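Novice: Have a look at this one.
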Amino acid sequence: MACDLCNLLAAPGAALIWGDDRLSVVAVDEAEYPGFTRVVWNAHVKEMTDLPAEDRVRIMDVVWAVESAQREVMAPEKVNLASFGNMTPHVHWHVIPRYRDDAHFPNPTWAVAQRASSAEVLAARRALLPALHAAIVEKVKAL
């Protein structure tokens, strides 16, 4: 079975922020949500409970490090965490900084947009991405 996440991780020039032999932290190219990050278990595993307990702790520690970096650098109103895998049955977590003025707030990012996003605001948030990525690396390395 072809797996979109396995293909993404294997692609040259993938938007990798940090990775090791077990996990990858990837920047998601979502124009409306600068800072959207995905934490992916590298091996093809369908459910969190398929992982041994120590690996479940490891992936969540990395998710929390990403959330912490987003909060410090991006200053969102809220951070959404989600693990679906309905279309891609491969353990991964979405870490999405949310703002009162984002296109969908307070609804989920996959809901109908509530408003248009300001190009200036999005540009300012995109300008924070290098600092966000550096903070993610720093926090993950400190684990």
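Novice: Select from the stretch 21-64 the residues that are charged (D, E, K, R) and under 21 Å from Glu77 (Cα atoms) and list them in ascending order.
Specialist: The answer is Asp29, Glu30, Glu32, Arg38.
Novice: Follow-up question, since we're still on this one. Please go through the stretch 48-91 and pick out each residue that is closer than 17 Å to Ala2 by Cα and exposed (fewer than 13 other Cβ atoms within 10 Å of the Cβ).
Specialist: Across the stretch 48-91, the qualifying residues are Asn86, Met87.
Novice: Being over 20 Å from Ala135 (Cα atoms) and assigned to a loop (DSSP other than H, G, I, E, B), is that true of even one residue in the stretch 48-60?
Specialist: Yes, the stretch 48-60 contains a residue that is over 20 Å from Ala135 (Cα atoms) and assigned to a loop (DSSP other than H, G, I, E, B).
Novice: Can Val26 be described as closer than 14 Å to His133 by Cα, assigned to a strand (DSSP E or B) and of a type in the set (A, V, I, L, M)?
Specialist: Against the criterion (closer than 14 Å to His133 by Cα, assigned to a strand (DSSP E or B) and of a type in the set (A, V, I, L, M)), Val26 qualifies.
Novice: For a quick check of your reading of the model, give me the residue pairs whose first member lies in the stretch 68-80 and is touching a residue at least 60 places away in the same chain (Cβ under 8 Å) and part of a helix (DSSP H, G or I), whose second is among the hydroxyl-bearing types (Ser, Thr, Tyr) and crowded, with 20+ Cβ neighbours inside 10 Å, with beta-carbon atoms closer than 9 Å and at least 6 apart or on different chains.
Specialist: Listed pairs, sorted by first residue: Ala69/Thr37; Gln70/Thr37.
Novice: Take the residues in the stretch 93-130 that are outside any loop (DSSP other than H, G, I, E, B) and touching an Asp or Glu at 6+ places or on another chain (Cβ under 9 Å), then tell me which one is surrounded by the fewest Cβ atoms within 10 Å (Cβ to Cβ). Steps first, please.
Specialist: Filtering the stretch 93-130 for residues outside any loop (DSSP other than H, G, I, E, B) gives 93-98, 119-127, 129-130.
In the following step, the residues that additionally are touching an Asp or Glu at 6+ places or on another chain (Cβ under 9 Å) were identified as 95-98, 121-122.
Details: Val95: 24, Ile96: 22, Pro97: 26, Arg98: 22, Val121: 13, Leu122: 17.
The selected residue is Val121.
Novice: Quick check: is even one residue across the stretch 88-96 hydroxyl-bearing (Ser, Thr, Tyr) and without any contact (Cβ under 8 Å) to a residue 24 or more places away in the chain? Talk me through it step by step, then tell me what you get.
Specialist: We begin by selecting, within the stretch 88-96, every residue hydroxyl-bearing (Ser, Thr, Tyr); these are 88.
If we keep only those that are without any contact (Cβ under 8 Å) to a residue 24 or more places away in the chain as well, we get none.
Taking every residue of the stretch 88-96 in turn, none turns out to be hydroxyl-bearing (Ser, Thr, Tyr) and without any contact (Cβ under 8 Å) to a residue 24 or more places away in the chain.
Coordinate-derived values only; no laboratory data. This structure is a prediction, so every number in the text was calculated from the model and none was measured. A quick note on method: Cβ atoms are made from the backbone with ideal geometry, for glycine too, and the neighbour counts reach across all protein chains shown.
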